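The structure appears below as structure tokens.
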Amino acid sequence: MVMEFNLLPYREARRMRQRTRFFRFVVLSCAAGLLGAFGVAVVFDSQLVGQRESNDLSRAEIKILDVKIKQAATLQTELAELKKRKQALDDLQFERFLPVHLMNALIAHLPDEILLTKVLQSTEGILISGEALSSDSVFEWMTHLNQKSDFFSHPELMEMRLGNSDAGSSLKTPVFRFSLRVKLQTTATATSITTSATLSIAPLAPVKE
């Protein structure tokens, strides 16, 4: 007698178990994928939030720097304006006392043998007329004006002639009448320019009237 076994129920049960395990695996895999994606999204979102905060902080600092730069530019403009005003005041102060400075500079190294009779200021400089007992004293004075004066430069002898003095002396001593012109330094360079060149003018022979 042959015994027969019906394996269909067993196979069906095993198939159901395998299907259940497969579905569980798929569900768990999907859940793990969703959790991983959520975690990545959370990390990216936190990084984006940090980047936004950093950008906002950078913008705020840039705005502060812009304000400081504008303030610095304003201060520089005000400083330049103050310098211009100070220069204008210095120029006015210089021009106010210019005649006194000029006369002091003219007579600072004036030899005793020279008498000034006329001093005129023109657009070309200072025109000076005078009388001297010798031509050497005139050239010596011109050298001093060229080398040791902060107000004058490039003295130029216009004329020198031998004649009688116009100073009212009863002796009528023969003198050298001369006229010369010197250039006036500007207020900006009057205290800084020093001339080292020496005069190359040869002594003029006096001409009798």
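Here are the numbers for this structure:
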| item | result |
| --- | --- |
| Residue count for segment 32-55, restricted to those that are open to solvent by less than 90 Å² (accessible area, probe 1.4 Å) and either of a type outside the set (Val, Ile, Thr) or in contact with a Ser or Thr (Cβ under 6 Å, 6 or more places away or on another chain) (or both) | 11 |
| Flag if residue 136 is open to solvent by 40 Å² or more (accessible area, probe 1.4 Å), under 20 Å from residue 177 (Cβ atoms) and at pLDDT 90 or above | yes |
| Unmet criterion (only one of (1) touching an Asp or Glu at 6+ places or on another chain (Cβ under 7 Å); (2) at pLDDT below 90) for residue 104 | (1) |
| Filtered residue count, segment 109-127, keeping only those that are open to solvent by less than 70 Å² (accessible area, probe 1.4 Å) and either under 34 Å from the mean Cα position of the chain (by Cα) or in contact (Cβ under 8 Å) with a residue 40 or more places away in the chain (or both) | 4 |
| Residue 95 vs. criteria of a type in the set (Asp, Glu), surrounded by 10 or more Cβ atoms within 10 Å (Cβ to Cβ), modelled with pLDDT under 85 and assigned to a helix (DSSP H, G or I) | yes |
| For residue 20: the one exception among (1) free of Cβ contacts under 8 Å to residues at least 12 places away in the same chain; (2) within 30 Å of residue 129 (Cβ to Cβ) | (2) |
| Residues satisfying the stated conditions in segment 129-154, i.e. among the hydrophobic types (A, V, I, L, M, F, W, C), touching a helix residue (DSSP H, G or I) at 6+ places or on another chain (Cβ under 7 Å) and not in a strand (DSSP E or B) | 151 |
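The values are calculated or read from the model by the stated rules, or taken from the named source; none is laboratory data. As the structure is a prediction and not an experimental result, all values here were calculated from the model. Backbone-built Cβ (ideal geometry, glycine too); neighbour counts: all protein chains shown. Ligands, DNA and RNA are excluded from the accessible area calculation, which covers all protein heavy atoms including side chains. Shrake-Rupley method; radii C 1.70, N 1.55, O 1.52, S 1.80 Å.
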